[in-house]
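Read-outs throughout are calculated quantities, based only on the coordinates presented, and are distinct from any laboratory measurement. For clarity, every value in this text was computed on a predicted model and none was experimentally measured. Backbone-built Cβ (ideal geometry, glycine too); neighbour counts: all protein chains shown.
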Amino acid sequence: MARNGSLRVEFAVTPRFDVFYALYTLTSSAHTPLESWKETALRRLPLDFERVAKRIAPLPIFWPLLADAIQDVPGEVSFEEVLSTIREMRVDDLKRNILSGIFHDRDTVDALVDRNSTLKDFLTDEKPPDAELLTHFGLRPYDPRSEASRAINALLSRPQSYRHELSLVLQRFWERGFRHDWAALEPNLRAESFRMRDLQEERSPAELGHELNLPVTFDDGTKEIRLKTGPAIAYDRIDRCYIVPSAFNTRRLWTKYETSSRRVTVYLPITREIEAANQIGDETRAQDATAGKSVREISAESVFRALGDTTRYAIASILARTPTTSAELARSLKVSKPTITHHVHALRSAGLITETPSRGSTKLSLSRDTVAALSGAAVDQLFSSTGDLTLGTTRKRRGQG
């Protein structure tokens, strides 16, 4: 929590936004710098994918909106957690979370969710709030036969069916290749988050925001996050501000979620390496990257950082000897399940975890291939005469303890 007017900035590496931004890129007819990735991704999808996807996201701009469905789950989550959250949440919460991204007035959202007002009632008003945004989403002028109106009415009247189709599309997209794309991208995004953390140690929030070219401005003088449009957000209203390394946020989107107590959580997904997704290659290369990484594909920095934590090293030691579930790890090490999930996620991101389904659960093992290739990768990367140097430190800024 922010205290004494300070801003709490955290870093999260998660597909919670990129899976939706990737779907936006995939379904948009506009030119994108990710054309190479898009061409490969389209070849992997089943023929009926576009038809089913358009029932829940009739326009590409709906995909970033649908990322808001899990706004009540904070921070770093896996794709499996995204999917299970959507499947298990109350339908009224699903409706409220999605609609709040279109209708910024809380009373309007509540009236629609509680069925005290219809979509037609609101959209046929002569001057509804956020009329320009409603036009952007294809909802103005109101036409009950338009694909956008049908999608929103389906969410309101048949939320279980809408949720089922949303889950189905996400799962298909993930299983038909984005799982491998994310596995290939995540180690570099994780390394980028470490570099951002190092920058944070020696920068004020304002300096950090400028260095990272964020879509908002951290104003340390007024202690506010200033937006390009809309009122500023005082530091002391913000529970957490997450900076999220992204491979697909080419439109510099960001979001904020407000709780019933008027506290705010801010997410700033940023893409600094615009060509990263294009460099993944086709599905075969992506699958090879997850099955057995070459010396050049292993990030020695990510592996060393992952194993530098004593708890993660203990987990790696256990998994090197015996395939073990996350629940068994929690019992063995006497720590909470969320703590184990956090550490396993870091090890997985570094390519150190292999997973095998086993009687309704998943057994985790330490990747012998990654460990065996680490020495060669470290020599190749540390002694390379080309490439960027990672020169960030963990020194505190002067004047800090």
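Structure data summary
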{"quantity": "Nearest-20 debye value, region 87-234 charge dipole, Cβ charges on Lys, Arg, Asp, Glu", "calculated": "680 debye"}
{"quantity": "Spin-label model distance (nm) - residue 368 vs residue 202, 7 Å beyond Cα toward Cβ", "calculated": "4.2 nm"}
{"quantity": "Approximate spin-label separation residue 167-residue 120, in nm, with each point projected 7 Å along Cα-to-Cβ", "calculated": "3.2 nm"}
{"quantity": "For peptides 255-262, 194-201, 346-353, sequence by mean Cβ density within 10 Å, most packed first", "calculated": "346-353, 194-201, 255-262"}
{"quantity": "Rg to Rh, two decimals, where the chain supplies the alpha carbon set and Rh follows Kirkwood", "calculated": "0.97"}
{"quantity": "Calculated [θ] (222 nm, deg cm²/dmol) that DSSP helices of n ≥ 4 give over the chain, each run adding -39,500 (n - 2.57)", "calculated": "-14500 deg cm²/dmol"}
{"quantity": "Tensor-based shape of region 84-172 (alpha-carbon gyration tensor, a/c under 1.5 rounded, otherwise prolate or oblate)", "calculated": "prolate"}
{"quantity": "Diffusion coefficient, µm² s⁻¹, Stokes-Einstein with Kirkwood Rh over alpha-carbon pairs of region 292-382 at 4 °C and 1.567 mPa s", "calculated": "97 µm²/s"}
{"quantity": "Rounded, prolate or oblate (a/c below 1.5 giving rounded, otherwise prolate when a/b exceeds b/c) for region 1-132 by Cα gyration tensor", "calculated": "oblate"}
{"quantity": "Listed residues 320, 257, 133: farthest to the positive end of the dipole of the chain (Cβ charges)", "calculated": "320"}
{"quantity": "Estimated dipole of region 292-382 in Debye, rounded to 20 [Cβ of Lys and Arg +1, of Asp and Glu -1, Cα centre]", "calculated": "380 debye"}
